[in-house]
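The structure under discussion appears below in the form of structure tokens.
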């Protein structure tokens, strides 16, 4: 397929620059197979779930990954920590008039000193922080929250709360799993009270999620790599749901990528962790999730390709046309949609079990 197959006209005014006034106050476009499109509210999400369904959340936590400072020579630099690789070591993207050379000293705001040791195979800068603090402590002390490039403002105090999910646990992401930003503690409790189960995975979202596809033939695109983990209890919850005839929901494309990566080798979901560069495009055979909660994505993006693979490109084109006409808010702080798999959905059981 060609990159032009994933383009659409998006008015800039629809790109959300701020979260809704209240967490969970977003709209929801329900776009399920065999049903007309439904304009709803995210608070109504439990109406679409059945007792016994399993929602899988990505519990990653966004780091204050952006650092500002100077090179030893005096030139200004900006570093975005992509991945923490050890207590004092990290891989980073660096913006500077001239990139630092191996052995170069970087002085970040707050008196933080780092040495650029080498360049990685994919062009990232390998940094060693010369401090008694861990990299995570350095970021917490001197870092800034890295809002996406399409949000045309600096992060403020409100973003520190709103650009994290309420269930964030494990630091390591440079971007939020944005489908999860809509969930509140009250909504999670409503789902559990209905008998809907929850499970978790971890996928540390990298800056590559915003990387444009620069080739015309999408088969030539090289996907970025991200670290993920799927615990045994999540595998057990998914298997139990499928045995009951219930649906498995991926909350966000990152949860979807983690689940599909863990099923990649054998075709069945297996517990484990590691790096994934899975690239899901139309024609891909999904193995785990039956439903997907996600925000609206960038034109020509790999995430648009993923949702097109999941629900069918003709359907997704109709969904996006409707969303633009109805002025849904797009991207990280925007509204959400609920999608079903184009094929292979299990039948709902006549009676679903109660319980949390």
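Between the helical axis of 253-262 and the dominant principal axis of the chain, each derived from Cα atoms, what acute angle in degrees is found, rounded to the nearest 10? Orientation of helix 253-262: about 90 degrees from the principal axis. For segment 202-230, backbone nitrogen atoms closer than 12 Å to the point 7 Å from residue 170 Cα along Cα-to-C-beta are found at 202-205, 227-230.
The helix-based estimate of mean residue ellipticity at 222 nm for the chain, built from -39,500 (n - 2.57) per DSSP H run of four or more residues and divided by its residue count, is -5500 deg cm²/dmol to the nearest 500. Among 124, 181, 145, the largest mean-square fluctuation in a Gaussian network model of the chain (Cα springs under 10 Å) belongs to 124.
Helix 232-244 axis versus longest C-alpha principal axis of the chain: approximately 20°, rounded to the nearest ten. Segment 73-130 and segment 209-240 have their alpha-carbon centroids 26 Å apart. Mean-square fluctuation check for the chain, GNM, Cα pairs under 10 Å: which of 134, 26, 120 is largest? Comparing 134, 26, 120 in the GNM, the peak value goes to 120.
If you take every DSSP beta bridge whose two residues both sit in the chain, what share of them, in percent to the nearest 5, is antiparallel? Mind showing how you got there, number by number?
Working: 46 of 65 bridges.
For the chain, the DSSP antiparallel bridge percentage is about 70.
Panel order for 306, 338, by other beta carbons found within 10 Å of each beta carbon, from fewest to most: 338, 306. Shape class for segment 66-142, computed from the alpha carbon gyration tensor (a ≥ b ≥ c): oblate, with a/c not under 1.5 and a/b at or below b/c.
Model label points for residue 38 and residue 117, set 7 angstrom from Cα along the Cα-to-Cβ axis, are 5.4 nm apart. With neighbours defined as other Cβ atoms within 10 Å of a residue's Cβ, the residues 98, 300, 222 order from fewest to most as 98, 222, 300.
Residues of segment 29-43 with amide nitrogen under 20 Å from the 7 Å Cα-to-Cβ point of residue 327? Under cut-off, by backbone N: 29-30, 38-42. Among 84, 324, a tally of other beta-carbon atoms within 10 Å of each Cβ gives an order, fewest to most, of 324, 84. Compared with the direct C-alpha span, the chain from residue 160 to residue 222 gains 19.2 nm at full extension, assuming 0.36 nm per residue.
Axis angle, to the nearest 10 degrees, between helix 302-311 and the longest C-alpha principal axis of the chain: 10 degrees.
With a simple spin-label model that places each label point 7 Å from the Cα along the Cα-to-Cβ direction, the separation between residue 72 and residue 318 comes to 6.3 nm.
Bear in mind that the values in this text are calculations on the coordinates, not laboratory data. As the structure is a computational prediction, the values presented were derived from the model and not from experiment. Methodologically, a virtual Cβ is constructed for each residue, glycine included, from the backbone with ideal geometry; neighbour enumeration extends over all protein chains shown.
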